[in-house]
Each structure stands twice: as C-alpha cells, then as structure tokens.
Amino acid sequence: MEAHSSPHAQPAAIHVQSRPVAAMLILIGGIIAIVVSAAISICVGAADISISTVWDALFHFNADMTSHQIIRELRIPRVLAGALTGAAFAASGAIMQGMTRNPLADSGLLGINAGAGVMLAVSFAFFPGMSFVSLMLFSFVGAAAAAILVFGTGAFVKGGLTPVRLVLAGAAVTALLLAISDAIAIHYQVGRDLAFWMAGGMQGVEWAQIRIMSPWVIGCLIGAVLLSRSITLLSLGEEIAIGLGQRTGLIKTLGMLLVLILAGASVSVVGAVGFVGLIIPHVARYLVGVDYRWIIPCSAVLGALLIIVADIGARLFNPYSETPLGALIALIGVPFFLYLAMRERREL
C-alpha cells in the first residue's frame, strides 16, 4: 500500500493494494462452501436426517412428518440465522477496523455486545414477553450507549485513543456493563435467560426472527459495500481522506450506524458471540489486500461460513447438550487477540 501523505493528494496518486482475482475466488468459493455447510448443518444434530429427506422437506413438504417439521421450523431458520449473524459480525468488524485504523476493533471487544446485553437484561427483568422487534430496539439502544461511552473517552485522553487504549476502554466499559447485567439477573431472577444469551447460540431461532432481522442485516451489508470506498480512504489516514474530498464526519456517522444495526440485530438473535468481527477481517485483508471494496464482502462471506461451521461443531461435540457457540469461537479468538495485542504493544 502506497499513499502520499499530503492532504491535497489527488485520487490518481493513491495506490491501494488489492487482489480482485483472489477476492472473486473467495466470494465464489465461499458461497459454495456456505451452501454445502448449510446442507450439512440441516442434516446433523440430535436427530440425524438424510439429504434426501431435506430435499423432500424443501420441495415436497409433508406437515405430518416429524423430520419435515424439524427441517422447516428448526434447522433452516437456524442455518439462516448463522449465515446472517456471521456476515453481520464480520462486516461490522471490518467497518470498525477501517474507520478507526485499529486492528483490535470488534463489536464484542469494544463493549457494543455488552451494551446490548444490559438492555436485554432490563427487558427480561421488567418487560417479560417482549416482542422480538422490541428486543432488537433495546439492543440497539444498549449498543449505542456502550459505543458512546467507549469512544467518548477519547475526549479525555491526551493524544486521543490509540488502538490499545481503545481496547482498554472497551474492556473497562464491558466489565462495567457485564456487572450491571449480572446484578439485574440476580436481583430479578432472570439469570437463566441471560446465561443462555451470554453463552451464545442459535437454539430456538424462529422464522419470525429471521423475517424481522434479515431486511436490516441485508440492507446494512449493501450499505457497507456502498460505503466501502470511503472506508478504504479513511483507512489510509483522515488527512488523506479529507484531501480527497471525503466528508469524514458523515462517513464515520454512517459507518457507526451500520455497525450498531449489524451488531445489535445479531446480538439480539444469537447472543454475545465475540471475536468474529476481529478474526475474519484480518483473514480477508491478508487474502485480498487493503481495499475495503473487497474486504467487506469477503468478510461477510467468510463470517457466515465460520458461524455455520462452528454451529455444526457445537452440535457434533455434544449433540444432546450443545456446546455454547461463543465458547467455540473464543477458542480461536482469544489466541488471535493476544497475538494482535502483542503486535500492537508499542501503542501503550
């Protein structure tokens, strides 16, 4: 990646390293892998189902057959939820990393997931039986409040928020919000509902949730792709972006709004699954270069694939008592985060 540092640089002077052929291969291969993984996900579980039964359930549905009911009402919504939330978490992480130029940025690490969790705890305690639409709205409010707390600390830190300082601020806010969530859960005896959410997973996802979240997630993914060129310029430096005519304040506002919707919708469905938005954008950047016009769509495809495959693993590891999805992702995410933190320790 080469860039002239002058704020008056012309667009022709910016050379962004990208690998469009590799990106297209990832997109095509990733979509094929998602389809194959989705078919496997529908087949496996406490009740193993053959692929021919899945085909019959899709095209010759028989409401009297238990296997068809399981496929239609349980497993297809589950795999769709995995694809949507995986794409949403990964794309939100890519947007955050590009806008903040912070390799450690992720909705889970920066308190956004915990903020959504506090509002879910409030809804469980004070508004039992709340509709999914209301739960999503509460999640968005909590996510936004957490983001304001984390990024607002930049006004009180000399030299602004470096990557590691931003993560430390996110860790502090996350700890505070988790403590509040636990206090609400204990006092109002909603610990079981909150524990299910904290563990992360897609058990019990219904079509109603898919119908509500899918337009928001798909719309925001399209918005992220449309904003991707501006995010690429921001990732080169704010002075360069301004010199190239970018309205950086508007771009950051739109980008953060996309992140809040993507993360808030995903958290309200599958719970506090962290590290997807941290790992996947780095993998995509390594494979396709630093152009976010390729990073964001490739991240979405790889994130969807990761969640679907991890969910298969969660069911196969212990079919009758599923391993929490968040725990499986953390097995990969924690070492990756420690590696990145060590690499960025000079920012402390």
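The values are calculated or read from the model by the stated rules, or taken from the named source; none is laboratory data. Since we're looking at a predicted model, the values are computed, not measured. Here the Cβ positions follow ideal geometry from the backbone for every residue, glycine too, while neighbour counts run over all protein chains shown. All accessible areas refer to the heavy atoms of the entire protein, side chains included, with ligands and DNA or RNA removed. Shrake-Rupley method; radii C 1.70, N 1.55, O 1.52, S 1.80 Å.
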Which residue fluctuates the most in the chain, going by a Gaussian network model with Cα springs under 10 Å, if the choices are 114, 147, 263? 147
In units of 2.2 N^0.38 Å, what is the alpha-carbon radius of gyration of the chain? 1.01
Report residue 207's accessible area, 1.4 Å probe, all protein chains in place, as a number in Å² to the nearest 10. 80 Å²
Spelling out what I want: for every residue of the range 177-189, take phi, set θ = phi - 60°, compute 6.51 cos²θ - 1.76 cosθ + 1.60 (Karplus), and round to whole Hz; glycine and proline get x. 5, 5, 5, 5, 4, 5, 4, 5, 4, 6, 5, 9, 6
Rel. contact order, % - alpha carbon contacts under 8 angstrom, at least six apart, the chain: 33 percent
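With loop defined by DSSP as not H, G, I, E or B, and exposure as at most 16 other Cβ atoms within 10 Å, which is the longest segment of the chain clear of exposed GluC sites (Glu not before Pro)? Can you show the working numbers first?
Working: sites that count: 206, 344.
Between exposed loop sites, the widest span is 1-205.
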Please compute the per residue accessible area over the chain with all protein chains in place, 1.4 Å probe, rounded to a whole number of Å². 46 Å²
Tell me the carbon and sulfur percent of the accessible area for the chain, rounded to whole percent, probe radius 1.4 Å. 69 percent
Derived scalar couplings ³J(HN,Hα) [the range 117-131; Karplus, 6.51 cos²θ - 1.76 cosθ + 1.60; whole Hz; x for Gly, Pro]: x, 4, 5, 5, 4, 4, 5, 5, 7, 9, 9, x, x, 5, 5
How high is the FRET efficiency between residue 137 and residue 101 when r is their beta carbon distance and R₀ equals 41 Å, given to the nearest 0.05? 0.85
Ranked by accessible surface with a 1.4 Å probe, highest first, in what order do 278, 287, 137, 331 come? 331, 137, 287, 278
Could you state the principal axis extents of the C-alpha atoms in the range 60-141, from the largest down, to the nearest angstrom? 54, 33, 15
HN-Hα couplings for the range 273-279 via Karplus (6.51, -1.76, 1.60; θ = phi - 60°), in whole Hz with x for Gly/Pro, come out as 8, x, 6, 4, x, 8, 6
Using DSSP loop states and a limit of at most 12 other Cβ atoms within 10 Å to flag trypsin sites (Lys or Arg not before Pro), what is the longest stretch of the chain containing no flagged site? 1-157
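Which sequence of 61, 124, 196 reflects their accessible areas, 1.4 Å probe, from the largest down? Let's see the in-between values first.
Working: 61 80, 124 55, 196 110 Å².
Putting 61, 124, 196 in descending order of accessible area: 196, 61, 124.
In square nanometres, what is the average projected area of the Cα convex hull of the range 108-265?
Numbers: hull surface 41.3 nm².
Averaging across all directions leaves 10.3 nm² for the Cα convex hull.
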18 Å reach of a label modelled at residue 189, 7 Å along Cα-to-Cβ, counting backbone N of the range 123-146: 123-129
